[in-house]
Amino acid sequence: MSQTTSSRVIRATVLHCLASPAEQGEQAIEHLQDGLLWIEQGRIKALGEYKALQAQLPAGQVIEDRRGCLLIPGLIDTHTHYPQLSIAASPAGALFEWLSKRAFPAEAAIHDAVTAEAMAERFIRELLRNGTTTAMVFAGVQPWSADAFFRVAQRYKLRTISGKVLQDRLVPTELREPLEQAREHSDELIARWHGVDRLSYALTPRFAPACSEALLAWCGDRLDGHSDLYLQTHLAETPSECDRVQQLFPECKGYLDVYDHYGLLRPRSLFAHAIHLSAAEQQRLGASGASVAHCPSSNLLLGSGLMPLQALRQAGVSLSVGTDVGAGPSCSILKTLADALRVQQLRGEPLNPLYAFYLATLGGARALQLEAYAGNLQPGTEADFLLLDMSAVPELAVRGEAVESIDELLALIILLGDDRLVTEVNILGSPVELND
């Protein structure tokens, strides 16, 4: 676990986003070949070139020489399910078959607080091992599953948004929860965890097919009365799911309109997938201020479809990336970005590696309205960052010596990199110990 360090200065190559590369190209990226990061009380005090900044340091300040490493912001995962870690990399057909055979049994297995805490510990350590320092996470339907996750996240000082799943139909009986009970448990969890340390609460209706009209209406009302809550759910992942929604909500014009009808389309709402939307729905989503998590790894594994990332971006949708464990096989954002590059290549709309890096850092922070805290290394933000050691992946070490541009370097990191690269994870300026 991490301990907040009062003052720390690190010399390394530094790379982070100042804006979206889709709008400003390479000007959106700050790359300091010989950079200096100055941390005070868990926040970034200054960032600059070594030659310019070192003269401003207090007398006697120790400088950690990490030249040879690349220092980047901590990665941000905006959609994943911690109770499903035990089924990651276990395919079982398309979405509804996979839910029935894999996801629902895994979530039902979180049958008490002890089991939940053990799984939360496994999951958060896996996030950190792969360089994720901010995450939006589904718990299970059981209130103790959310309690356990928040407790473990608090212990590791992880910036986390989570909530218990809400579902009252079309799921196994043991995973259904009556509305009154769901309201009571959710309100208790909000009171206990929302806004505590680095934790925030998200109302978490699983997806429209699993939620009654009354449950969705309550979510909208609760958001109206508590505007700093988040909402997380799924949207238009597969054509069969969209057909099911139309059957269940015939009065609505489509999947997105269901959420719109119940007041769930708003800033601080994050929708996973959003693959099968019309152009009009994409425009409405962009106008609402809501965000979307692109989950290419799970989309490929379940055969859900190829997300129209460019169309959503052009419609003004705030975009990010999610590992979507356990349909996604790994907690690695780097592997998820590699799949994102492949998906967009299949669509004939190549994804610039600079923009991919943005989606996993500043783009994720913007999607979660956390830009003041995370996503880049601007002074004033919280000092969550990674040190990447290129020599840990032999082929990357060789190839990295010959790169001629930042986008080429990022492409190699994304396509060749894995958890071996992440030599140090820092939370609030202090290295995280994962061996205790």
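The values are calculated or read from the model by the stated rules, or taken from the named source; none is laboratory data. Note that the structure is a prediction, hence the values are computed from the model and not measured. Please note: Cβ atoms are built from the backbone with ideal geometry, for glycine as well, and neighbour counts cover all protein chains shown. For the accessible areas, the whole protein counts, side chains as well, though only heavy atoms, and no ligand, DNA or RNA atoms are used. Shrake-Rupley method; radii C 1.70, N 1.55, O 1.52, S 1.80 Å.
Could we say that Asp65 is touching a helix residue (DSSP H, G or I) at 6+ places or on another chain (Cβ under 8 Å), among the acidic types (Asp, Glu) and at negative phi here? No.
Scan segment 148-161 and tell me whether some residue there is part of a strand (DSSP E or B) and touching a residue at least 60 places away in the same chain (Cβ under 8 Å). Within segment 148-161, one or more residues are part of a strand (DSSP E or B) and touching a residue at least 60 places away in the same chain (Cβ under 8 Å). Set side by side, the residues Arg342, Arg313 differ, and just one is part of a helix (DSSP H, G or I), open to solvent by 10 Å² or more (accessible area, probe 1.4 Å) and closer than 18 Å to Leu368 by Cβ, which is Arg313. Here segment 268-284 is the region considered, the condition is being of a type outside the set (A, V, I, L, M) and open to solvent by less than 10 Å² (accessible area, probe 1.4 Å), and the residue that is nearest to Ala88 (Cα to Cα) is His273.
State whether one or more residues within segment 358-371 are acidic (Asp, Glu), within 30 Å of Arg155 (Cβ to Cβ), open to solvent by 10 Å² or more (accessible area, probe 1.4 Å) and not in a strand (DSSP E or B). Yes, because at least one residue in segment 358-371 is acidic (Asp, Glu), within 30 Å of Arg155 (Cβ to Cβ), open to solvent by 10 Å² or more (accessible area, probe 1.4 Å) and not in a strand (DSSP E or B).
Within segment 155-203, the residues that satisfy the criterion of being surrounded by 15 or more Cβ atoms within 10 Å (Cβ to Cβ) and more than 22 Å from Arg268 (Cβ to Cβ) are Tyr156, Lys157, Asp168, Leu170, Val171, Leu175, Arg176, Glu177, Leu179.
For first residues located in segment 342-363 and under 12 Å from Gln310 (Cβ atoms), partners that are among the β-branched types (Val, Ile, Thr) and lie 6+ apart or on another chain with Cβ distances below 9 Å form the pairs Leu351/Val343. Considering segment 229-259, and only residues there that are acidic (Asp, Glu) and open to solvent by less than 50 Å² (accessible area, probe 1.4 Å), the residue that is nearest to Arg313 (Cα to Cα) turns out to be Glu237.
Among the residues of segment 389-415, the one identified as surrounded by fewer than 17 Cβ atoms within 10 Å (Cβ to Cβ) and under 23 Å from the mean Cα position of the chain (by Cα) is Leu415.
If the condition is being crowded, with 21+ Cβ neighbours inside 10 Å and of a type outside the set (Gly, Ala, Ser), then segment 285-300 contributes Leu285, Val292, His294, Cys295, Pro296, Asn299. Within segment 422-436, residues that are small (Gly, Ala, Ser) sit with their Cβ atoms under 6 Å from residues that are open to solvent by 10 Å² or more (accessible area, probe 1.4 Å) and assigned to a strand (DSSP E or B), at 6+ positions apart or across chains, in these pairs: Gly429/Arg8.
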